[in-house]
Amino acid sequence: MAERLKEIKKKTAIAKLNDVPTSPRKMRLVADIIRGVEVNRALDILKFSKKHASVSLEKVLRSAIANWEAKNPDNTKELDNGNVSGKTIMVDEGRTLKRIRPCPQGRAGRIRKRSNHPLSHVDYRPGKSPVSLKDLFIHPIHPPAVRSLSRFPRDQPTISSQPFPLPPVRHPSRNLQRSCSP
């Protein structure tokens with residue numbers, strides 16, 4: 001049991017960054033994008049992201065990769081093969097600095113300057129290829145609805161942009177009936 005835990009710990013590496021002056025909500029938006037993605041692809045995503053939080057997450061991910069390389073000096077080629085991925089990326093809430101801003105009529109408005117602690121686990125998954133675009137789109141797109149022939153007296157049915165016809169809407173001020181369909 002202890003040997004198995006040592007093997008698991010050797011295959012994973014952890015990195016944490018404390019007190020990043022960004023809201024945890026903003027950081028989680030970026031963390032959700034790279035969670036479970038192969039590390040080289042995750043670094044590319046973070047590099048070309050427009051969000052400011054991606055700079056801090058890239059720093060944490062690079063640190064976790066360096067920790068993984070220090071633990072596994074024999075398997076550094078696995079990074080290039082795409083067998084190392086971000087197993088867990090968590091963003092915990094840090095301390096909140098409370099400031100006061102003057103408001104009208106002598107009141108004071110509160111300003112909360114939030115911070116967070118991003119944590120990254122990098123894991124080795126043998127034989128696991130990186131996620132392709134085909135894997136992301138599993139569900140087929142539903143075909144659009146076909147309108148009835150009674151409305152369009154042509155031989156072939158036409159394709160509608162709406163999946164089903166909308167019910168008529170009543171105007172609130174006037175009791176008139178209007179149709180939503182184009």
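Quick note: the coordinates plus some simple rules give every number you see, no bench work behind them. Fair warning: this is a prediction, and the values are worked out from it, not measured in the lab. With ideal geometry, Cβ positions are generated from the backbone for all residues, glycine too; neighbour counts draw on all protein chains shown.
Within segment 56-85, residues that are within 18 Å of Ala15 (Cβ to Cβ) reach partners that are among the acidic types (Asp, Glu) and in a helix (DSSP H, G or I) with beta carbons closer than 6 Å, at six or more positions or on different chains, in the pairs Thr76/Glu69; Val84/Glu78. Summed over segment 33-59, residues that are in contact with a strand residue (DSSP E or B) (Cβ under 6 Å, 6 or more places away or on another chain), under 14 Å from Leu119 (Cα atoms) and not in a helix (DSSP H, G or I) total 1. For segment 75-109, the set of residues classified as more than 19 Å from Ser23 (Cα to Cα), exposed (fewer than 11 other Cβ atoms within 10 Å of the Cβ) and among the hydrophobic types (A, V, I, L, M, F, W, C) consists of Cys103, Ala108, listed by residue number. Among the residues of segment 10-69, the ones that are among the acidic types (Asp, Glu), surrounded by fewer than 18 Cβ atoms within 10 Å (Cβ to Cβ) and within 16 Å of His121 (Cβ to Cβ) come to 2 in all. Has segment 67-85 got any residue that is under 16 Å from the mean Cα position of the chain (by Cα) and not polar (S, T, N, Q)? There is no residue in segment 67-85 that is under 16 Å from the mean Cα position of the chain (by Cα) and not polar (S, T, N, Q). Beta carbons closer than 8 Å, at least 6 apart along the sequence or on distinct chains, pair a first residue in segment 7-32 that is farther than 13 Å from Arg114 by Cα with a second that is part of a loop (DSSP other than H, G, I, E, B) for Lys10/Asn72; Lys11/Asn72; Leu29/Lys51; Val30/Ser49; Val30/Lys51. With the structure loaded, tell me whether Ser85 is in contact with a helix residue (DSSP H, G or I) (Cβ under 8 Å, 6 or more places away or on another chain), among the small types (Gly, Ala, Ser) and in a helix (DSSP H, G or I) or whether it fails that test. In short, no.
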